[in-house]
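The values are calculated or read from the model by the stated rules, or taken from the named source; none is laboratory data. In this text, all values refer to a predicted model and were calculated from it rather than measured experimentally. Here the Cβ positions follow ideal geometry from the backbone for every residue, glycine too, while neighbour counts run over all protein chains shown.
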Amino acid sequence: MPDQPLVTHLYTADPSAHVFDGRVYVYPSHDRETPIADNDNGDQYDMVDYHVLSLEVIGGPVTDHGVALALEDVPWASKQLWAPDAATKDGLYYLYFPARDKDGIFRIGVAVSSSPEGPFVAEPEPIAGSYSIDPCSFVDDDGQAYLYFGGIWGGQLQCWQSGTFDPAGKEPSGNVPALLPRVAKLSEDMRSFSSEVLPLSLLDTDSADSKLLGADDHDRRFFEAAWMHKYNGVYYFSYSTGDTHYLVYATGDNPLGPFTYRGRILEPVLGWTTHHSIVEFNGKWYLFHHDASLSGGKNHLRCVKAGKIFIDTAEQQRIRPETQR
Ligand code: FUB
């Protein structure tokens, strides 16, 4: 896969790529220098705005459309504009983004624009019922939109096990299921949840006695970076395993799950985090992801890259890099 950053004039991460009007738009986090030391809470990811990138051809010139949304223009947020995503419906574009609210609790907000490159105007409050980080918006062929989200450790998903925020919440360990990502249906106007927030089941095998992935299964359990795509009627839910640094995926036949673990998409990259999106453009499939190569390995100063992948229909629709075709 090509190993060049899409842009080098900004640090970028967490790329959510979409094709809108025949052009690829990438919605990344915008990393910045900070004196904050690395910690497991992710305080060093101290971002204050978003830029939208776009490309006519993957591998061709990249346009930086400038600041699409700034922290100071989000009335409810206090800090940390983390991994965003975008969707379109009925001629409007929606940017979904996590940030800490004024109490330090991660919530998910939505901002609206008439153009895919923004600027976006934030709704005055976060989405009611939202929590944690890394929203992924997915609009199915029938027009129903879904929001997937969640992330553990700094992303606070472990604080929501009882349904209300418990700052002392811990990731489970031992012979119990791992924490699950969350999903909710989005309303017609894309600005609120139209269903309750549900856990998205991730099963370990196809067998009749399959179990939820276990809490100690750090090579496979969900950590953060939810992404959904659909191919040949199959739903692919992919995510990062966090402290084991893999991008992995699971498949299912319903956007609300259950999903069954299938395998790895990407081995660990330079830098602690790994985060991605998968998109079809002009009949080819691409993996967008990040690493920390542009900063020589600083975890919080990352760069977005794109590479071709293919879905191996001969082998359980497995996702592979183009080089293994
Ligand atoms: O960019 C900040 C956080 O790092 C994201 O929300 C996570 O997915 C990880 O990439």
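A few points about this structure:
- Of all residues in the range 234-268, those satisfying the criterion of being of a type in the set (Val, Ile, Thr) and closer than 19 Å to residue 210 by Cα are 248, 251, 260.
- The strands (runs of 3 or more DSSP E) found wholly in the range 1-116 and carrying at least 2 residues that are at pLDDT 95 or above, within 15 Å of the ligand (Cβ to nearest atom) and touching a Cys at 6+ places or on another chain (Cβ under 7 Å) occupy 11-20.
- Selection status of residue 256, surrounded by fewer than 19 Cβ atoms within 10 Å (Cβ to Cβ), without any contact (Cβ under 8 Å) to a residue 60 or more places away in the chain and hydrophobic (A, V, I, L, M, F, W, C): no
- From the list 239, 246, 235, the lone residue that is closer than 23 Å to residue 207 by Cα and within 15 Å of the chain's Cα centre (by Cα) is 239.
- All conditions but one from (1) closer than 22 Å to residue 131 by Cβ; (2) buried (at least 18 other Cβ atoms within 10 Å of the Cβ); (3) not small (Gly, Ala, Ser) apply to residue 247; the one that does not is (1).
- Flag if residue 125 is modelled with pLDDT of 95 or more, over 15 Å from the mean Cα position of the chain (by Cα), charged (D, E, K, R) and in a loop (DSSP other than H, G, I, E, B): yes
- Among strands (runs of 3 or more DSSP E) entirely within the range 210-325, having at least 2 residues that are over 24 Å from residue 182 (Cα atoms) and away from the ligand (no atom under 14 Å from the Cβ) singles out 276-281, 284-291, 303-312, 318-321.
Conditions tested, residue by residue: (1) farther than 20 Å from residue 245 by Cα; (2) at pLDDT 95 or above; (3) polar (S, T, N, Q).
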| position | (1), (2), (3) |
| --- | --- |
| 144 | yes, yes, yes |
| 153 | no, yes, no |
| 183 | yes, yes, no |
| 198 | yes, yes, no |
| 204 | no, yes, no |
| 208 | yes, no, no |
| 215 | no, yes, no |
